[in-house]
Amino acid sequence: MRITGLRATPVAVPFVEDEIWAFGGRRGMVSILLEMETDEGVVGLGEAAAYPSADIVLAVFKSIESLVIGESPFNVERIMKRVNIIGTWHHVKSTSTAIAAVEMACWDIVGKVSGQPLVNLFGGRVRDEVEFFYYLSHKPASEMADDAAKGYAEGFRTFYIKVGSMEPSQDIERVEAIRASTGPDAKIRVDANEAWSAAAAIRIVGEMERFGLELVEQPISGRNLAEMAYLRGRINTPLLANEASWTRYDQLELIKAGAADVVSVDNQMDGGLLNLKRGAGLCEVAGLPVLKHSLGELGVAAYAAVHVMASTPNFIYANQGYGSFLADDIIAGASPLPYENGCLAVPEKPGIGIELDAERVAKYAELYESEAENFSFHESEKIASTPLMPKR
């Protein structure tokens, strides 16, 4: 069996409401769906988040096409070595979602031909379902409290909010309101996206901790591991690394520096599902739990990662996802995705175990063609501003 073609389709899927964070807002998500064709008629599915843009992802697909076509999809390691070494992606640590989508499509073919779901190919089930958090959009405290209550009623138990506002008191007020609306058993995770100095993080997290925090995600720069280790020793809440842990190479340095309590791992940033497993294994050896980061995923990428997370012991925290935002999806029979008590069940069919809904794919491909600019962070005031960090 040989790979004969890569067919990429950008799609734009709306959110139920705009995603708002410190640097703007967007009305939905753009992903690039990949269909890997073979000479035996088996088609593998992959998905790449439009990171940093759809145009760049499509250009990467084009640049690596000659390194992939003609290869056997079973030779996952060989293909990735060709992309990384001959394609020179090892210089940037494979941080392209296009590369991960190619690898994902290979695994989908391997599973389909073998008659096995990917979870069996990655070690077998440790768990039958995988938990995700409930992402709360940036709003006034009372409205975020209402949204959290809605998520709690739907069965989610971990609530994620962006912090790093110019006025820290507003973030503290939001945490307090969410705690009041969800009760004592809900977990609240805050993400500052590197917005604070270490001194600011110590002060602000200290204020928030009286309301109970599960994790503090990347409060300071991920490029200064010594400062992260310093901060880790001065707050009571576990420190979650994200921008500091894009790839397994970064995760190795985090471990050596003692700079995190929990590590975020991401197949889309680290060249594929196999590297997701490797990064998690590296952290397990160091005694660290992991969770999966999300650049924004539709059903193909979400379920592909679910297989790996279900087969890997140290995914013990709720993972990132956009279940609270997406109004629809592009897979057959599950649009939007069927979260039960905040969890997605592991598919049982061969490969990733899902199929594309052709009508929805066509609908959202057309939406991308006509309105793509509305699906990126598009607020003119934010685009024109100059972000100043760290905040004090």
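With (1) in a loop (DSSP other than H, G, I, E, B); (2) within 30 Å of ARG26 (Cα to Cα); (3) out of contact with any Lys or Arg (no Cβ under 9 Å at 6 or more places or on another chain) as the list, and HIS307 as the residue in question, which single condition is left unmet?
That leaves (1) as the condition not met.
If I filter segment 283-304 down to residues being outside any loop (DSSP other than H, G, I, E, B) and in contact with a strand residue (DSSP E or B) (Cβ under 6 Å, 6 or more places away or on another chain), which single residue comes out as surrounded by the most Cβ atoms within 10 Å (Cβ to Cβ)?
GLY299
State whether the residues of segment 152-163 include one that is over 30 Å from ILE255 (Cβ atoms), in contact with a helix residue (DSSP H, G or I) (Cβ under 8 Å, 6 or more places away or on another chain) and assigned by TED's automatic domain parsing to the domain that holds HIS293.
Yes, because at least one residue in segment 152-163 is over 30 Å from ILE255 (Cβ atoms), in contact with a helix residue (DSSP H, G or I) (Cβ under 8 Å, 6 or more places away or on another chain) and assigned by TED's automatic domain parsing to the domain that holds HIS293.
Given the structure, is GLY279 modelled with pLDDT of 95 or more and either crowded, with 24+ Cβ neighbours inside 10 Å or in a loop (DSSP other than H, G, I, E, B) (or both)?
Yes, satisfied.
I'd like to check something: does segment 138-151 contain any residue that is of a type in the set (Ser, Thr, Tyr) and part of a strand (DSSP E or B)?
no
Just give me the residues in segment 311-359 being outside any loop (DSSP other than H, G, I, E, B) and either within 20 Å of CYS106 (Cα to Cα) or not charged (D, E, K, R) (or both), in sequence order.
PHE315, ASN319, LEU326, ILE331, CYS343, LEU344, ALA345, GLY351, LEU356, ALA358
Keeping to segment 123-155, report how many residues are touching a Cys at 6+ places or on another chain (Cβ under 9 Å) and crowded, with 23+ Cβ neighbours inside 10 Å.
Of the residues in segment 123-155, 2 are touching a Cys at 6+ places or on another chain (Cβ under 9 Å) and crowded, with 23+ Cβ neighbours inside 10 Å.
Which condition from (1) basic (Lys, Arg); (2) at pLDDT 95 or above; (3) in the same structural domain as PHE15 (by TED's automatic domain parsing) is the one that ARG189 breaks?
(3)
Return the total of residues in segment 39-92 being touching a residue at least 24 places away in the same chain (Cβ under 8 Å), surrounded by 14 or more Cβ atoms within 10 Å (Cβ to Cβ) and among the charged types (D, E, K, R).
The qualifying residues number 3.
Please identify the pairs in which a residue from segment 340-367 that is more than 19 Å from VAL42 (Cβ to Cβ) and of a type in the set (Asp, Glu) has its Cβ atom under 9 Å from the Cβ atom of a residue that is at pLDDT 95 or above and part of a loop (DSSP other than H, G, I, E, B), counting only partners at least 6 apart or on another chain.
Pairs found: GLU340/GLY155; ASP357/ASP329; ASP357/ILE330; ASP357/ALA332.
Across segment 91-137, what is the total count of residues that are in a strand (DSSP E or B) and either more than 19 Å from the chain's Cα centre (by Cα) or modelled with pLDDT under 95 (or both)?
1
Condition first: under 13 Å from VAL262 (Cα atoms) and aliphatic (A, V, I, L, M). Now tell me which residues in segment 286-303 satisfy that.
Residues satisfying the conditions are ALA286, LEU288, VAL290, LEU291.
The values are calculated or read from the model by the stated rules, or taken from the named source; none is laboratory data. None of these values were measured; they are calculated from a predicted model. Note that we place each Cβ from the backbone using ideal geometry, even for glycine, and neighbour counts take in every protein chain shown.
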